[in-house]
Amino acid sequence: MDFSLDKKHEMARSLFKEFAEAEVKPLAQETDETETFPMETVKKMQKYGFMGIPVPKEYGGQGCDPLTYVMCVEELSKVCATTGVIVSAHTSLCVDPILTYGTEEQKQKYVVPLASGEKIGAFGLTEPGAGTDAQGCQTKAVLDGDEWVLNGSKCFITNGKVADVYIVIAVTSVTEDKRGRKKKNFSAFIVDKGAPGFSFGTKEKKMGIRGSSTYELIFEDCRIPKENLLGPEGKGFPIAMHTLDGGRIGIAAQALGIAEGALERAIAYTKERKQFGRSIAQQQNTQFKLADMAARVEAAQLLVYKAAMAKATQKVYSVEAAKAKLFAAETAMAVTTEVVQLFGGYGYIREYDVERMMRDAKITEIYEGTSEVQRMVISGALLK
Amino acid sequence: MNIVVCIKQVPDTKGGVKFNPDGTLDRAAMLAIMNPDDKAGLEAALRIKDETGAKVTVLTMGLPKADAVLREALAMGADDAILVTDRVLGGADTWATSTTIAGALRNLEYDLIITGRQAIDGDTAQVGPQIAEHLGLPVISYAEEIKIDGDSVIVKRQFEDRYHELKAKMPCLITALSELNEPRYMTPGGIFDAFDKEVTVWGRADLKDVDDSDLGLKGSPTKIAKASDKVAKGAGEKVNLDPTESVAYLMGKFKEKHII
């Protein structure tokens with residue numbers, strides 16, 4: 001068993017690192033402060049193929065593997081978690097399901113411009129009354145001639161207003177089981193921005209990842225072509241769950257990046273900061289904390305990379321993805337909290353990146369399945 | 001159109017500098033990057049490729065690990081890569097290096113050869129012009145702008161207080177400044193492709209029309225007497241005197257140090 005990266009992946013990492021340091025880091029604070037979507041950065045990422053890393057070349061992608069994609073999200077998130085999630089939501093939640101479940105026509109029409117970055121993607125499952133319990137979804141889709149008519153709303157949608165293509169999960173029928181219990185059957189749809197009856201609600205004001213465009217999507221008799229059904233009718237729930245398995249690996253990479261970024265800053269700061277006549281890095285309390293964080297971060301990295309490798313080689317990788325996300329997210333939260341503590345008063349000041357990182361870390365324990373959901377997935381597999 | 005870009009793997013100035021006992025650089029022990037002037041030269045070649053469809057070949061002489069800068073160049077968009085490596089070529093100064101590279105270039109078809117102005121390790125700025133001399137080509141150094149005009153190139157050459165605009169018929173050699181452009185990043189897919197490609201490896205036997213006496217450490221007229229890392233300067237001496245006294249004081253110091 002060899003845990004070292006090959007030269008190809010090492011070079012890819014050096015590319016992402018160089019890009020993140022030069023192009024993303026200088027804007028991270030302003031992106032957070034002004035809550036502005038970093039469109040200029042996204043355009044640069046489009047130019048260099050970052051929006052289609054794990055997509056085959058025949059569909060306009062880079063032809064790389066999930067590990068390369070994960071390293072991209074990781075390196076971006078080390079300096080700016082907003083930029084990390086833009087790539088993650090686009091790639092894992094929109095491009096991936098079309099690539100996995102789409103017809104050849106759908107792939108040509110949607111994956112090609114998405115993978116080249118010409119278009120941005122988003123995914124809508126969550127509703128005001130349905131988060132962890134997706135069965136609570138109210139958004140409905142009814143076939144009317146050659147069109148599906150969507151009614152309802154989706155909330156907390158990443159890349160909400162900037163996206164051009166949306167994967168939307170809606171109820172297409174309700175059936176009763178033998179005991180008379182009603183069960184909603186979902187289907188997945190591809191919705192273009194500008195579809196009649198599709199509009200945006202309010203922009204969410206968030207604690208962290210404040211440059212990410214988080215919006216409510218509203219469907220009022222929204223009409224989309226019949227051929228925009230993604231996968232078989234009634235299979236929307238497994239499609240959404242499988243999509244989220246991939247998404248969780250992306251968010252785990254984002255969380256990993258946040259933790260690594262915070263640890264790097266802590267190492268630099270504690271070597272400089274002097275108290276009682278010596279640097280705080282010379283105090284054993286600091287040394288032990290740094291050691292604990294480094295061990296935890298590396299463990300998170302191994303889980304995240306393992307999940308990425310599982311996505312490349314296995315059909316089902318729910319448990320690997322859940323473990324990676326659970327551990328990386330909780331690592332991000334714990335490490336950033338500890339790093340703010342090491343920074344003392346300066347850690348609480350917005351001028352220092354670690355304050356932002358601590359706010360950014362929190363969402364990784366919540367979106368694309370809370371830590372509690374990840375525990376359900378993991379224990380479910382254990383007790384099967 | 002065929003463009004050959006000569007690139008060099010140099011120690012990353014952010015890392016530490018280490019020396020061999022003979023005073024030459026211990027390249028194996030240092031972090032390495034593509035020399036910045038060479039990278040600008042490569043970018044210039046790739047821009048010509050974008051416009052005209054030219055074929056871009058990168059060539060380097062170095063240790064086998066110099067393969068990394070060739071892969072980087074391929075990942076940026078170069079078409080072919082050649083590594084010239086051989087034990088007998090080690091320890092080369094600018095003369096032996098340019099002799100080697102010219103010997104390799106004689107195997108290739110080229111309209112334009114681009115090198116960096118100088119490498120950040122040696123800072124001689126000699127290898128580019130020497131290659132041109134070996135091959136009997138016109139050379140335009142210190143290029144800060146390059147334009148292709150039919151079978152000629154028009155180059156803006158940086159000069160101390162002005163620039164020269166020079167036109168030369170191809171084939172010719174240009175040495176590039178890092179100010180020439182902002183080199184592009186690699187792409188992830190480009191990296192994957194770069195590792196699928198074959199890098200051509202040439203040794204001494206593949207060099208055309210060169211004498212053994214002009215190669216490697218033995219063929220290098222430059223002898224390194226001593227090499228050292230940067231030595232920190234002292235704090236200096238501060239004096240507070242009026243202008244007349246200052247002049248007298250300075251003259252005295254200059255005489256003392258045998259400067260005048």
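The values are calculated or read from the model by the stated rules, or taken from the named source; none is laboratory data. Computed from a predicted model, the values in this text were never measured in an experiment. Ideal geometry is used to build each Cβ from the backbone, glycine not excepted, and the neighbour counts take in all protein chains shown.
Please state which one of B:R162, B:R157 is within 19 Å of the chain's Cα centre (by Cα), among the basic types (K, R) and away from chain A (no Cβ under 14 Å).
Working: B:R162 fails: within 19 Å of the chain's Cα centre (by Cα).
Of the residues listed, the single one that is within 19 Å of the chain's Cα centre (by Cα), among the basic types (K, R) and away from chain A (no Cβ under 14 Å) is B:R157.
Among the residues of segment B:73-114, what is the count of those that are of a type in the set (D, E) and crowded, with 22+ Cβ neighbours inside 10 Å?
Here is the first cut: in segment B:73-114, the ones of a type in the set (D, E) are B:79-80, B:86, B:93, B:109, B:111.
With crowded, with 22+ Cβ neighbours inside 10 Å added as a condition, the list becomes none.
Matching residues across segment B:73-114 total 0.
Find the residue count for segment A:125-163, including only residues that are assigned to a helix (DSSP H, G or I) and among the hydrophobic types (A, V, I, L, M, F, W, C). Please lay out each step first, then the result.
First pass over segment A:125-163, keeping only residues assigned to a helix (DSSP H, G or I): A:134-136.
Going one step further and asking which of them are among the hydrophobic types (A, V, I, L, M, F, W, C), we end up with A:134.
Residues in segment A:125-163 being assigned to a helix (DSSP H, G or I) and among the hydrophobic types (A, V, I, L, M, F, W, C): 1 in total.
Listed here are the residues, each with its yes/no results for (1) part of a strand (DSSP E or B); (2) surrounded by 15 or more Cβ atoms within 10 Å (Cβ to Cβ); (3) at pLDDT below 90.
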site: B:R184; (1), (2), (3): no, yes, no
site: B:V210; (1), (2), (3): no, yes, no
site: B:L217; (1), (2), (3): no, yes, no
site: B:P221; (1), (2), (3): no, no, no
site: B:K226; (1), (2), (3): no, no, yes
site: B:L241; (1), (2), (3): no, no, no
site: B:A248; (1), (2), (3): no, no, no
site: B:M251; (1), (2), (3): no, no, no
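Looking at the structure I just gave you, is A:G84 surrounded by fewer than 24 Cβ atoms within 10 Å (Cβ to Cβ) and in contact with a Ser or Thr (Cβ under 6 Å, 6 or more places away or on another chain)? Outline the logic, then answer.
Working: surrounded by fewer than 24 Cβ atoms within 10 Å (Cβ to Cβ): no; in contact with a Ser or Thr (Cβ under 6 Å, 6 or more places away or on another chain): yes.
The answer is no for A:G84.
Yes or no, residue by residue, for (1) closer than 18 Å to A:E127 by Cβ; (2) in contact with a Ser or Thr (Cβ under 6 Å, 6 or more places away or on another chain); (3) of a type in the set (D, E, K, R):
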| residue | (1), (2), (3) |
| --- | --- |
| A:V149 | yes, no, no |
| A:G160 | yes, yes, no |
| A:F198 | yes, no, no |
| A:K205 | no, no, yes |
| A:R210 | no, no, yes |
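Just to check your reading of the model, which residue among A:K8, A:K107 is modelled with pLDDT of 95 or more, within 14 Å of another protein chain (Cβ to nearest Cβ), surrounded by fewer than 24 Cβ atoms within 10 Å (Cβ to Cβ) and outside any loop (DSSP other than H, G, I, E, B)?
Working: A:K107 fails: within 14 Å of another protein chain (Cβ to nearest Cβ).
Checking each option against the conditions leaves just A:K8.
Please give the number of the condition A:E320 fails out of (1) under 25 Å from A:G208 (Cβ atoms); (2) surrounded by 14 or more Cβ atoms within 10 Å (Cβ to Cβ); (3) of a type in the set (D, E).
Answer for A:E320: the failing condition is (1).
What number goes with the only condition from (1) touching a residue at least 12 places away in the same chain (Cβ under 8 Å); (2) more than 30 Å from A:P54 (Cβ to Cβ); (3) not aromatic (F, W, Y) that A:T175 does not pass?
It is condition (1) that A:T175 fails.
Residue by residue, here is whether (1) at pLDDT 95 or above; (2) among the small types (G, A, S); (3) closer than 30 Å to A:L76 by Cα holds:
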residue: A:T132; (1), (2), (3): no, no, yes
residue: A:D146; (1), (2), (3): yes, no, no
residue: A:T158; (1), (2), (3): yes, no, yes
residue: A:V162; (1), (2), (3): yes, no, yes
residue: A:I167; (1), (2), (3): yes, no, yes
residue: A:T214; (1), (2), (3): yes, no, yes
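Hey, could you check segment B:45-65 for residues that are within 13 Å of chain A (Cβ to nearest Cβ) and farther than 20 Å from B:V155 by Cβ and say which is surrounded by the fewest Cβ atoms within 10 Å (Cβ to Cβ)?
B:P64
Across segment A:24-66, which residue is surrounded by the fewest Cβ atoms within 10 Å (Cβ to Cβ) among those that are polar (S, T, N, Q) and more than 9 Å from chain B (Cβ to nearest Cβ)? So that I can check it myself, show each step before the final result.
Residues of segment A:24-66 polar (S, T, N, Q): A:29, A:31, A:34, A:36, A:41, A:46, A:62.
Among the residues that remain, those that are also more than 9 Å from chain B (Cβ to nearest Cβ) are: A:29, A:31, A:34, A:36, A:41, A:46.
Numbers: A:Q29: 16, A:T31: 22, A:T34: 11, A:T36: 15, A:T41: 24, A:Q46: 16.
Once the filter is applied, the top-ranked residue is A:T34.
Has segment A:168-182 got at least one residue that is of a type in the set (V, I, T) and in a loop (DSSP other than H, G, I, E, B)?
Just the residues of segment A:168-182 that are of a type in the set (V, I, T), to begin with: A:168-169, A:171-172, A:174-175.
Applying the additional criterion that residues be in a loop (DSSP other than H, G, I, E, B) yields none.
Scanning segment A:168-182 turns up no residue that is of a type in the set (V, I, T) and in a loop (DSSP other than H, G, I, E, B).
Restricting attention to strands (runs of 3 or more DSSP E) lying wholly within segment B:65-158, give those where 3 or more residues are touching a residue at least 60 places away in the same chain (Cβ under 8 Å) and on the phi < 0 side of the Ramachandran plot.
Values: elements: B:80-84, B:112-116, B:139-149, B:152-158.
Result: B:80-84, B:112-116, B:139-149.
Sort through A:A299, A:A312, A:A308, A:A332 and tell me the only one that's over 21 Å from A:S379 (Cβ atoms), assigned to a helix (DSSP H, G or I) and more than 16 Å from the chain's Cα centre (by Cα). Before you say what the answer is, go through the steps one by one.
On the way: A:A299 fails: over 21 Å from A:S379 (Cβ atoms); A:A308 fails: more than 16 Å from the chain's Cα centre (by Cα); A:A332 fails: more than 16 Å from the chain's Cα centre (by Cα).
Of A:A299, A:A312, A:A308, A:A332, the one residue that is over 21 Å from A:S379 (Cβ atoms), assigned to a helix (DSSP H, G or I) and more than 16 Å from the chain's Cα centre (by Cα) is A:A312.
When you scan segment A:251-296, how many residues do you find that are aliphatic (A, V, I, L, M), over 16 Å from A:G344 (Cβ atoms) and either touching a residue at least 60 places away in the same chain (Cβ under 8 Å) or surrounded by 20 or more Cβ atoms within 10 Å (Cβ to Cβ) (or both)?
So the count comes out to 9.
Could you list, in sequence order, all residues of segment A:78-92 that are in a helix (DSSP H, G or I) and within 15 Å of A:I209 (Cβ to Cβ)? Lay out the reasoning, then the answer.
Initial filter on segment A:78-92 (in a helix (DSSP H, G or I)): A:78-79, A:81-92.
Answer for segment A:78-92, where residues must be in a helix (DSSP H, G or I) and within 15 Å of A:I209 (Cβ to Cβ): A:K78, A:V79, A:A81, A:T82, A:T83, A:G84, A:V85, A:I86, A:V87, A:S88, A:A89, A:H90.
Between a residue in segment B:183-211 that is within 14 Å of another protein chain (Cβ to nearest Cβ) and any residue that is surrounded by fewer than 16 Cβ atoms within 10 Å (Cβ to Cβ), which pairs come within a Cβ distance under 8 Å, given they are 6 or more apart or on different chains?
Going by the 8 Å Cβ cut-off, the qualifying pairs are B:Y185/A:E18; B:G189/A:K57; B:F195/A:K7.
With the structure loaded, tell me whether B:A28 is part of a helix (DSSP H, G or I), of a type outside the set (K, R) and buried (at least 23 other Cβ atoms within 10 Å of the Cβ) or whether it fails that test. Can you show your working first?
On the way: part of a helix (DSSP H, G or I): yes; of a type outside the set (K, R): yes; buried (at least 23 other Cβ atoms within 10 Å of the Cβ): no.
No, not satisfied.
Pick from segment A:93-104 the residues that are more than 19 Å from the chain's Cα centre (by Cα) and either part of a helix (DSSP H, G or I) or within 25 Å of A:T214 (Cα to Cα) (or both): which of them is nearest to the other protein chains (Cβ to nearest Cβ)?
Per the criteria, the residue is A:E104.
Quick check on my filter: what residues within segment A:11-55 are in contact with a Lys or Arg (Cβ under 7 Å, 6 or more places away or on another chain) and assigned to a loop (DSSP other than H, G, I, E, B)?
If the condition is that a residue be in contact with a Lys or Arg (Cβ under 7 Å, 6 or more places away or on another chain) and assigned to a loop (DSSP other than H, G, I, E, B), then A:E35 is the only one that fits.
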